[in-house]
Each structure stands twice: as C-alpha cells, then as structure tokens.
Amino acid sequence: MIASGLVGVLVLAGVAVALLARPSVLAHRSNAPAVVGVVVADGGAPVDAVPGGDATWIACGDARCKLPGEACCVYPFPVDRDPAPPASFVCVTAGRCPAPVIGPHGGSGPPSALSCASTSNCTHGDVCCIRVRGLVVWSSCVDEEQCENESEAEEQARERRDPDADGMHAQLCDPRAGARSGCPAKAPCTTKGAVQWQLPPRYGTCGVADEGPY
C-alpha cells in the first residue's frame, strides 16, 4: 500500500512538472519576441509592397516567409529620403528583428516583426494584432478580444519592464480584401493607419487611432 501510494504521488508530481514546463500557447501568441531572429531571406525594397499570403506564408516584400516559424521584418526608410521605397524587408526565424541597417537596401527602423499582416495569415477566427512594448514592435494572431484588451498580468509585466511604455495596439488588415478584411463595420480597413506604425502605405489597419506609436 505504501509503495503504490508513493508511486501515485510520483506520477502526479511528474504530470505537474510536465504541465509547468510546457510553454503556454497563449503566451507564445501574445508576448513580445524575446530573442533576435536570424535572417533567412531577403525581400528587397519594392515600392509596391502589399500584405499577402495565408496561414502557411506571409508576403515580405519580394520574399515569402514561412508560417509558423518565421517573421517578416519591415525596416522603414527615413521619411526625408526622397525618392525612396517605403521600406526594406527580410524574413527571419521567429523572434525580434535584427538591428538596422540590414543589407544593401538600408532601412532605418525601428523595425516591425510581422508574423501576420492580416486575418488571411491567421486561423480559427483570430485577427492579426500589432503591438509595441518599449522598442519592440511585433504582430501575432490572437482572438479579437485579446487584441483589444491587455490583461492585468501583461500590464503589470510591461510596467515592470518599462513604466513609460504605452502598450499601443491595432488590428492589421489587407485594404484589398474589402468586406473580407476581418474588420468590424465601425472600423473599416484603411491605409491611413499604416503611417502610425511606420508600415508601407499599402498596408492597412482597422480604423485609425487618435494616435499611434510613431
């Protein structure tokens, strides 16, 4: 009896450890990237870059980044550089974007690590949410409510890291998708919000916020 009881306790303890060790899917989808990604493809600096792809890839300038597992880093050019393309692009292994300047195309930053650019890159009814934490800008697929509302735990963690960080967010969308953009009727997809996130002019957000991070 004692031996069997001890075995049961050990089994339960092992299950608990396994559950604690297993990474949270929610945390993976919502937290800012912690490591710097490695460049795997050069997307150039096209003047007509648009969002695109599906749940298996995301358009990244002239390149395609594989999903999941890679992200598209968008490096904006200085606004006073004329003429110039709006941004340069590289695919990286999922994580933070390497510091600019990248390659022969330049790009000034701060870069955005996009794991999605619209709902077409998401599954299960999720939306594409772009966020900023300090100097880190990234997008990920989350449910609409999670994109709109920052949890108390996230807010406390952000304030510990950087009390001055604003925690701004927006829903990304493809302006070419029309009624299928995934945006609510009260906030239709528009290119006017792209400048607030230093994204190329053909990218879109659901509605336009009173102010953006840039």
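Figures for the structure shown
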item	result
Identity of the residue in region 82-127, charged (D, E, K, R) and at pLDDT 65 or above, that ends up farthest from Gly204 (Cα to Cα)	Arg96
Where Glu154 falls short, out of the listed (1) at pLDDT below 75; (2) at negative phi; (3) surrounded by 14 or more Cβ atoms within 10 Å (Cβ to Cβ); (4) more than 17 Å from the chain's Cα centre (by Cα)	(4)
Yes/no for Ala18 being at pLDDT below 85 and part of a loop (DSSP other than H, G, I, E, B)	no
In region 181-199, residue modelled with the lowest pLDDT [restricted to those that are part of a loop (DSSP other than H, G, I, E, B) and under 15 Å from the mean Cα position of the chain (by Cα)]	Gln198
Any hit, region 160-180, residues being modelled with pLDDT of 90 or more, surrounded by 15 or more Cβ atoms within 10 Å (Cβ to Cβ) and assigned to a loop (DSSP other than H, G, I, E, B)	yes
Those residues of region 128-147 which are crowded, with 24+ Cβ neighbours inside 10 Å and of a type in the set (Val, Ile, Thr), in sequence order	Ile130, Val137
Scope region 52-65; condition closer than 18 Å to Cys97 by Cα and surrounded by 16 or more Cβ atoms within 10 Å (Cβ to Cβ); matching residues	Trp57, Ile58, Ala59, Cys60, Gly61, Ala63, Arg64, Cys65
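The values are calculated or read from the model by the stated rules, or taken from the named source; none is laboratory data. These figures come from a predicted structure and were not determined experimentally. FYI the Cβ positions are ideal-geometry reconstructions off the backbone, even for glycines, and counts take in every protein chain you see.
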